[in-house]
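A short write-up of the structure that comes next.
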Amino acid sequence: MKSLFLATTALVALTAAAQAADPIVIKSIPVMPAQDVLAAGLSQTAVAEGADKLENPSKYVGYYGYGTDGPLIAPKGAKPAKDKPPVEATKTEPDKNTYLVLAGQTGPAKGYDYGTHFLFQGHEGGPVDESGIHRGSLTRINLDANLKHRVTLMADMDTSGKPLPLIDGSAWDPFAKVLLLTSETGTSGGVWAATLDFPSKVTDISGATGVPLILAMIAGNDWQGHAPGPNGLPGGYPVALRRGVLDLDLAATISRKEAIAWNARFEAEDGLAVDAAGRARYSGRLYEKLRAVSPSMAEGFDVRDIEPVHREMEALRARLQARPAS
């Protein structure tokens, strides 16, 4: 393997030297994009364009396909420069349309009939705000509406007041009746659930292992899977939801008592447990890791203080993510 690496390195070096002495001119070849192929009987019609104005623009997004951080067309001769405003508006790149037929949809125009046919899409691009954050957005194309009301900005903030991330895809959950939006923005990526009412309520559900169970409960469906703390038990278990009743779904070789005892022991030795007084206490490796970055947080908390503790945890996560990689 070492000889192969050295030979490859030598070849690269020799090639670079040869190109420097006798550079190769590569001619550009015009490439025509392939035409869409439609099944017999189908036709395609443009229903929205990037320059279509939103009926309810925000500070950062004003058009279906553009932000508000510059002109739609760059002035003649303008060139991008570091630490300077964009020479043209950021393209928001609407991505992954989800088509739904719905009744009773509303929007910013009170009393307006938005029709029944809609395309929802997240946006994979977005302008950068004053804090250096790329602003994502969720829009709805109202297929039955006139141009003035053709595109509605459904949301650009989530329910916690945070800007939406850049969105790479969307799908419809027919059981919970919500849109599921996905983002691939590194460690900040995840899944968001968006309601269909206007304005849309967008909630970050990333890492919420109990979400599929909750969605099944809301829809009244049976479900099998894994869930944390079912019916207040310590730890996580395989569970089954049948006719609205949730119970453990253990293998025949493991008793309910054994499963609970194993989880309780694990949580007490190396996790998080809540005592009879309602005090959450960290233990084992989790305690040691947390104490190294926040001694006060490692001492635990009263469960009644869960909201301020959540905010402290979010702030700690942000500080840790901002650290340079070691």
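Each reported figure results from applying straightforward, stated rules to the coordinates on display, with no laboratory input. Everything numeric here is computed off the predicted structure, so don't read it as measured data. Neighbour counts run over all protein chains shown; Cβ positions are idealised from the backbone, glycine included.
See the values below:
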{"quantity": "Linear extension gain, LEU100 paired with ARG265, 0.36 nm per residue minus alpha-carbon span", "calculated": "54.6 nm"}
{"quantity": "Most fluctuating residue given options ASN97, ASN263, ASN142, as computed from a GNM of the chain linking Cα atoms under 10 Å", "calculated": "ASN263"}
{"quantity": "Extension reserve of the SER255-VAL274 stretch, reckoned as 0.36 nm per residue once the Cα distance is removed", "calculated": "4.5 nm"}
{"quantity": "Cα-based shape type of the range 94-208, given that a ≥ b ≥ c are square roots of the gyration tensor eigenvalues and the cut on a/c is 1.5", "calculated": "prolate"}
{"quantity": "Pairwise FRET efficiency - ASN231 versus THR159, Cβ, R0 = 35 Å, nearest 0.05", "calculated": "0.80"}
{"quantity": "Size-normalised alpha-carbon gyration radius of the range 209-270, reference 2.2 N^0.38 Å", "calculated": "1.15"}
{"quantity": "Candidates VAL31, VAL239, VAL151, ranked by Gaussian network fluctuation over the chain, Cα under 10 Å, top entry", "calculated": "VAL31"}
{"quantity": "Cβ-defined net charge surrounding ALA74, 15 Å radius [Lys, Arg +1; Asp, Glu -1]", "calculated": "+2"}
{"quantity": "For HIS226, HIS310, order by how many other beta-carbon atoms lie within 10 Å, fewest first", "calculated": "HIS310, HIS226"}
{"quantity": "Prolate/oblate/rounded label for the range 272-326 (Cα gyration tensor, a/c 1.5)", "calculated": "oblate"}
{"quantity": "Among ASP95, ASP222, ASP52: highest mean-square fluctuation, GNM of the chain, C-alpha pairs under 10 Å", "calculated": "ASP222"}
{"quantity": "Qualifying GluC sites (Glu not before Pro) for the range 60-169 [loop in DSSP, other Cβ within 10 Å: at most 10]", "calculated": "GLU130"}
{"quantity": "Three-way shape label, the chain, alpha-carbon gyration tensor, a/c 1.5", "calculated": "oblate"}
{"quantity": "Within the range 94-208: Cβ-based charge dipole about Cα centre, in debye rounded to nearest 20 (Lys, Arg +1; Asp, Glu -1)", "calculated": "340 debye"}
